[in-house]
Amino acid sequence: MSQIVIDPDPLSPSFLPEKLLHREEEYKQLSGNIKNRINTIILGPIGSGKTALIKLAMHDIKDLLYIDCLLYSTEYSVLKEIIPSNRFIVCRSNYELFKELQKIAKERKLVVCFDNFTQLKNIDVIKKMMSIGICIILVGRVERNSPSLNQNILSNIPSFIRLHEYSVEQTLDILKERAKLALNNWSYTESPLRRIAERVGGNITLAVNVLRIAALKAESENKKSIDEIDLNSLLPQVDCLDELSNDERIVFKILSEHKSLPSNQLYTMYVQTAKYPKCERSFRNYMESLFSKGLVKAIGDKKGRVYEIVESNASVEGNAHET
């Protein structure tokens, strides 16, 4: 078998480069805001680097806490994530938990990032945290004038960082960097990288993961290079993921995290996660849609059905909402 992938890490969703190409100015602004405790909103389309900015800041700056509101959408679940386990007592009320957080905020200069913040079921938790001196970073796809950003919150957030989608050339630059780190230098040319860059619409998360899948496919088929792979068979996955509804995206993200879940457990987790969860019938329709797109597979009958992520897509979503 030809070894095309020499280091899989640079192509993984969790990979964090030492610097973010074409996001240097935005990172400088974010880093300065956090150090000066300036509440900030980061806005931008899918795959524009919002979450990557935060993850790099977490690597460099102490006491930056990250909350993904797709997974933690209630005030209780958010507080449970923030408050250290040795100070968290099960079955406490939100009021008592918030009092505990207030004590912690007096001891440490906390910065809390809410990724996908519009999924919060009670957005007032943001205002409450700002009132006790916690620095807040909000990350989302909404526009500045979105109803999700009420005036009480906006008046306390002076800084906006707007990320535009990557251009084709910028996407190509990033793909070249990742390919150089991850692949044998004889295993690719610029041509397939450019084709990927032209198709993903500036979504760098999808671009990197399509490259990963292409490299693994070429390797498993004993090809000499990625150039020999039919990218048309992979690129439609990009279109499928971009077409997902918000509820389908939540279900797919949960399943991506766990790889395999019984239908009833997946539905329960979806209800706990979604801001406005739908009924079981709608949930079944979401699963049918994901199945028809080739993103998940179903095993077993209705009562004992188990859903599994299709392995080639497991990291294409990666954070398909973000990188």
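The values are calculated or read from the model by the stated rules, or taken from the named source; none is laboratory data. Quick caveat, the model's predicted, so the values are computed rather than measured. Here Cβ is always computed from backbone atoms with ideal geometry, including for glycine, and neighbour counts include all displayed protein chains.
Please count how many residues of segment 29-74 are surrounded by fewer than 16 Cβ atoms within 10 Å (Cβ to Cβ) and of a type in the set (D, E, K, R).
The total comes to 5.
Is it true that some residue in segment 226-238 is surrounded by fewer than 20 Cβ atoms within 10 Å (Cβ to Cβ), closer than 23 Å to P10 by Cα and modelled with pLDDT of 90 or more?
Checked against the condition, which is being surrounded by fewer than 20 Cβ atoms within 10 Å (Cβ to Cβ), closer than 23 Å to P10 by Cα and modelled with pLDDT of 90 or more, segment 226-238 yields at least one hit.
Within segment 241-274, count every residue that is more than 18 Å from G300 (Cβ to Cβ) and in a loop (DSSP other than H, G, I, E, B).
Qualifying residue count, segment 241-274: 4.
Quick check: anything in segment 258-267 under 23 Å from S77 (Cβ atoms), at pLDDT below 85 and in contact with a strand residue (DSSP E or B) (Cβ under 6 Å, 6 or more places away or on another chain)?
yes
Considering only residues that are among the charged types (D, E, K, R), modelled with pLDDT of 90 or more and surrounded by fewer than 19 Cβ atoms within 10 Å (Cβ to Cβ), look in segment 110-164 and name the one that is farthest from R199 (Cα to Cα). Step through it out loud before you land on a result.
So the first thing to find is which residues in segment 110-164 are among the charged types (D, E, K, R), and the list is 115, 121, 124, 127-128, 141, 143-144, 162.
Going one step further and asking which of them are modelled with pLDDT of 90 or more, we end up with 115, 127-128, 162.
From the residues that got through so far, the ones that are surrounded by fewer than 19 Cβ atoms within 10 Å (Cβ to Cβ) too are 127-128, 162.
Numbers: K127: 40, K128: 42, R162: 23 Å.
My answer is K128.
What's the number of the only condition in (1) free of Cβ contacts under 8 Å to residues at least 60 places away in the same chain; (2) surrounded by 20 or more Cβ atoms within 10 Å (Cβ to Cβ); (3) within 24 Å of N122 (Cα to Cα) that T273 fails to meet?
For T273, the failing item is (1).
Listed here are the residues, each with its yes/no results for (1) in contact with a Ser or Thr (Cβ under 9 Å, 6 or more places away or on another chain); (2) of a type outside the set (A, V, I, L, M); (3) modelled with pLDDT of 90 or more; (4) not assigned by TED's automatic domain parsing to the domain that holds Y270.
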site: I54; (1), (2), (3), (4): no, no, yes, yes
site: M58; (1), (2), (3), (4): no, no, no, yes
site: L70; (1), (2), (3), (4): yes, no, no, yes
site: L79; (1), (2), (3), (4): no, no, yes, yes
site: N86; (1), (2), (3), (4): no, yes, no, yes
site: C91; (1), (2), (3), (4): no, yes, no, yes
site: E96; (1), (2), (3), (4): no, yes, no, yes
site: K103; (1), (2), (3), (4): no, yes, yes, yes
site: E107; (1), (2), (3), (4): no, yes, yes, yes
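Exactly one condition in (1) part of a loop (DSSP other than H, G, I, E, B); (2) assigned by TED's automatic domain parsing to the domain that holds I136; (3) modelled with pLDDT under 90 is false for G201; which is it?
G201 satisfies all of (1) part of a loop (DSSP other than H, G, I, E, B); (2) assigned by TED's automatic domain parsing to the domain that holds I136; (3) modelled with pLDDT under 90 except (2).
Going by the structure shown, is L175 at pLDDT below 95, in a helix (DSSP H, G or I) and under 23 Å from the mean Cα position of the chain (by Cα)? Give the steps one after another, and end with the answer.
Numbers: at pLDDT below 95: no; in a helix (DSSP H, G or I): yes; under 23 Å from the mean Cα position of the chain (by Cα): yes.
Against the criterion (at pLDDT below 95, in a helix (DSSP H, G or I) and under 23 Å from the mean Cα position of the chain (by Cα)), L175 does not qualify.
Can you tell me which residues in segment 68-87 are in contact with a helix residue (DSSP H, G or I) (Cβ under 7 Å, 6 or more places away or on another chain), closer than 25 Å to K55 by Cα and of a type outside the set (S, T, Y)? It would help to see each step written out before you state the result.
First pass over segment 68-87, keeping only residues in contact with a helix residue (DSSP H, G or I) (Cβ under 7 Å, 6 or more places away or on another chain): 69-73, 75-76, 78-79, 82-83, 87.
Checking which are closer than 25 Å to K55 by Cα leaves us with 69-73, 75-76, 78-79, 82-83.
If the condition is that a residue be in contact with a helix residue (DSSP H, G or I) (Cβ under 7 Å, 6 or more places away or on another chain), closer than 25 Å to K55 by Cα and of a type outside the set (S, T, Y), then C69, L70, L71, E75, V78, L79, I82, I83 are the ones that fit.
Give the residue that is farthest from T51 (Cα to Cα), with candidates limited to residues of segment 188-220 that are surrounded by fewer than 22 Cβ atoms within 10 Å (Cβ to Cβ) and either free of Cβ contacts under 8 Å to residues at least 12 places away in the same chain or small (G, A, S) (or both).
S220
Please identify the pairs in which a residue from segment 20-34 that is closer than 21 Å to C135 by Cβ has its Cβ atom under 9 Å from the Cβ atom of a residue that is basic (K, R), counting only partners at least 6 apart or on another chain.
Close Cβ pairs (under 9 Å, with a partner that is basic (K, R)) amount to E26/R162; Y27/K19.
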